[in-house]
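**Student:** This is the structure, below, for whatever I ask next.
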2 protein chains.
Amino acid sequence: MIPRLYVEQPLASGATITADERAHHYLRNVMRRAAGDVLVLFNGRDGEFEAKIAVIDKRKAEIRITRQRRAQDSVPDLVLCFAPLKKDAIDFLVEKGTELGVAAFQPVITRRTATSRLNLDRLRANAIEAAEQTERLSIPDIRAPLNFEALLTGWQPSRQMILCAEAGPALPIADQLTALTRHVSPTNAWAIFCGPEGGFHVSELDRLRNLPFVTPVGLGPRILRADTAALSALAVFQAILGDGKLRPPDPMMPIGTGAEGAE
Amino acid sequence: MIPRLYVEQPLASGATITADERAHHYLRNVMRRAAGDVLVLFNGRDGEFEAKIAVIDKRKAEIRITRQRRAQDSVPDLVLCFAPLKKDAIDFLVEKGTELGVAAFQPVITRRTATSRLNLDRLRANAIEAAEQTERLSIPDIRAPLNFEALLTGWQPSRQMILCAEAGPALPIADQLTALTRHVSPTNAWAIFCGPEGGFHVSELDRLRNLPFVTPVGLGPRILRADTAALSALAVFQAILGDGKLRPPDPMMPIGTGAEGAE
């Protein structure tokens, strides 16, 4: 298995970088790599690069970047607004949401939100790991929690909000999102808003439904858990309004073959 | 919280049933319920009933069924064919798949399937718990594993298979499923087939692609983990071809109010 790592440094063919503490630990102690071993790096800005370990010891790892594998891409401008959930459910939501192309995670404290303590560092680490393991080239933002009213006060009206409405009037998600495809443009900004376990308070649903940028959608006849509802809406969003028409890079360039620049 | 339990006995207003071992343990030791407490029962055949504990002690629990809350419904005839995954991923897949309305789970051993031991009893328990907690009225079948070739040999050609094709030619899932809506009838039978971590072998994809009942679909540009791919396909299936146009029962009849039959 070729390690694939997110780093924060600029990446360019021919450059050498010093691994940060996390990358150093992972390469040396987890993957037990040695000088000369190949890896893949990305930083969310410069695309994805093939690299080789130049030096690795107890103190540090130096990595020589050999060549670019993929140019930087981007995910749709989609913010997932969600009420914080229990540890397992929120870890799962961030991991799967990262795979499904969420650009930013926005925790929102609603009336029925049971969990208000959030370990944002842990969520960010989960997002990085999910991106590393699923060939994603960017890391989603993990934002600080906002109260329900603060979220709406600061909302840009040009950002369309798809509201997962488990109660009250809502048209089916496939119909609603298909109708919204008429408004798709390269500058579109989107959000999905899912409530906590137990759902939005009726006053919150009423408030949201009356906002011009909100489209309530129904997710079918079953009562989904909060994390399932969010992922279900995300999957349908990407299929109909997002980048679901694209294919994975195919064939992926094999690693450690061909020209290796200055090597 | 009102306990909601799956039982295997026939259910009818006015009848009294003896709780099975699992229901007895849950009511007495987990939920610490007493005689006179209300609960909800379903069995996957007769709908959902309100009930009251008549007797509960160390030895047994007797439950008197008071009235029907909901008539039996059904989920679309959708089989999820999937390669067994690691424990966490497969538990998660069965839990979320149950919420998303899978009728039957069919494990399939493919060339790259890493895990072949499967605890079907544990998976069935997960499915029951997910159904209990999300208002589902039926329990999905958990089938014994089949080899790839045995699956295809026994396939009913009238069952359309939606193939999650992570490599090679495939049109976007939303387009393909929308095209299939032309063939929707009440007798439709469907399946989704997702490969293992690492994907189908190219020979498996080629074999599947040439079968008349197979529609390969693409799930977008990111490489999804096997469980994420399955859930993503399921969510889009229900939204476009399944029962995603229905709404949850609203308002749910409050429990423990109104006429209570023979009480």
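What follows draws every value from the coordinates through simple rules; no lab data is involved. If you're wondering where the values come from, they're calculated on a predicted model, not measured in any experiment. Glycine also receives a Cβ, built like all others from the backbone with ideal geometry; neighbour counts cover every protein chain displayed.
**Student:** Please work out the C-alpha center-to-center distance from region A:107-164 to region A:166-229 and express it in whole Å.
**Tutor:** The two parts, judged by their Cα centres, are 16 Å apart.
**Student:** Expressed as an acute angle from 0 to 90° and rounded to the nearest 10, what is the orientation of the C-alpha long axis of helix A:226-240 relative to the principal long axis of chain A?
**Tutor:** With rounding to tens, the tilt is 80 degrees.
**Student:** What list of ³J(HN,Hα) couplings, whole Hz, do you get for region A:45-55 from phi and the Karplus terms 6.51, -1.76, 1.60, once you set θ to phi - 60° and write x for glycine and proline?
**Tutor:** Calculated HN-Hα couplings, in order: 10, 9, x, 10, 10, 8, 8, 9, 6, 8, 9 Hz.
**Student:** While we're looking at this one, here's another question. Residue-wise, which Karplus ³J(HN,Hα) couplings in Hz belong to region B:143-158, taking 6.51 cos²θ - 1.76 cosθ + 1.60, θ = phi - 60°, and x for glycine or proline?
**Tutor:** Computed from phi, the couplings for region B:143-158 are 8, 5, x, 10, 6, 3, 5, 5, 4, 6, 4, x, 6, 7, x, 6 Hz.
**Student:** Among A:I56, A:I192, A:I139, which one shows the highest mean-square fluctuation when chain A is modelled as a Gaussian network with alpha-carbon springs under 10 Å?
**Tutor:** A:I56
**Student:** Could you tally the net charge around B:R59, taking each other residue with its Cβ under 14 Å from the Cβ of B:R59, Lys/Arg +1 and Asp/Glu -1?
**Tutor:** Working: positive: B:R28, B:K58, B:K60; negative: B:D20, B:E21, B:D57, B:E62.
Result for the neighbourhood of B:R59: -1.
**Student:** In addition: Could you give the angle, 0 to 90 degrees to the nearest 10, between helix B:87-99's Cα long axis and the longest principal axis of the Cα atoms of chain B?
**Tutor:** Between helix and principal axis, roughly 70 degrees.
**Student:** In a Gaussian network model over chain B where Cα atoms closer than 10 Å are linked, find which of B:T98, B:T66, B:T115 has the largest mean-square fluctuation.
**Tutor:** B:T115
**Student:** If each label sits 7 angstrom from Cα along the C-beta direction, how far apart, in nm, is A:E129 from its counterparts in the other copies?
**Tutor:** Sorted ascending, the copy-to-copy spacings read 2.1 nm.
**Student:** Going by amide H atoms built from the backbone, whose H comes under 5 Å of the H on A:N147, apart from near neighbours?
**Tutor:** Counting only residues 5 or more places away or on other chains, the set is A:I109.
**Student:** What residues qualify as long-range amide H neighbours of B:R69, i.e. H under 5 Å apart, gap of 5 or more or another chain, H built at 1.01 Å from N?
**Tutor:** Distant-sequence amide H within range of B:R69: B:E48, B:F49, B:E50.
**Student:** Related question: Taking the Cα centre of chain A as the origin, how large is its charge dipole in debye, to the nearest 20, when only Lys and Arg (+1) and Asp and Glu (-1) carry charge on their Cβ atoms?
**Tutor:** On the way: 32 positive and 31 negative charges, 64 e Å.
Approximately 300 debye in magnitude.
**Student:** How far apart are the A:R67 label points across copies, placing each 7 Å from Cα toward Cβ, in nm, shortest first?
**Tutor:** 7.5
**Student:** Which order do A:S74, A:S185, A:S232 fall in if you start with the one that has the fewest other Cβ atoms within 10 Å?
**Tutor:** The order, fewest Cβ neighbours first, is A:S185, A:S74, A:S232.
**Student:** Relative to the first principal axis of the alpha-carbon coordinates of chain A, what is the inclination of helix A:120-133, with its axis defined by its Cα atoms, in degrees from 0 to 90 and to the nearest 10?
**Tutor:** Here the helix axis deviates by roughly 60 degrees.
**Student:** Right, here's the next one. Going by the rotation axis that takes chain B to chain A, pick out the residue of B with the closest C-beta and quote the gap in whole Å.
**Tutor:** Nearest to the symmetry axis by Cβ: B:A235, 2.
**Student:** What's the tally of Lys pairs in chain B whose alpha-carbon atoms lie under 22 angstrom apart, where the two lysines are 8 or more places apart or on different chains? Please report the intermediate quantities before stating the final value.
**Tutor:** Numbers: B:K52/B:K60; B:K86/B:K96; B:K87/B:K96; B:K96/B:K245.
Close lysine pairs under the 22 Å cut-off: 4.
**Student:** Run through the other copies and list how far each one's label point is from that of A:H183, in nm with one decimal, shortest first; the point sits 7 Å from Cα along Cα-Cβ.
**Tutor:** In nanometres, ordered from closest: 3.5.
**Student:** Please check: in the Gaussian network model of chain B (C-alpha springs, under 10 Å), which one of B:Q106, B:Q176, B:Q156 has the largest mean-square fluctuation.
**Tutor:** With Cα springs under 10 Å in chain B, the top fluctuation among B:Q106, B:Q176, B:Q156 is at B:Q156.
**Student:** Taking amide H positions as placed in the peptide plane 1.01 Å from N, state which residues far from B:A61 in sequence (5 or more) or on other chains have amide H under 5 Å from it.
**Tutor:** Here B:A19 satisfy the definition.
**Student:** In whole Å, what three semi-axes, largest first, describe the equivalent ellipsoid of chain A built from its Cα gyration tensor (square root of 5 times each eigenvalue)?
**Tutor:** So the three semi-axes of chain A are 39, 20, 14 Å.
**Student:** What does the charge count near A:P10 come to, summing +1 for each Lys or Arg and -1 for each Asp or Glu among other residues with Cβ under 11 Å from its Cβ? Don't skip to the end; give the middle numbers.
**Tutor:** Details: positive: A:R45; negative: A:E8, A:D46.
Neighbourhood net charge equals -1.
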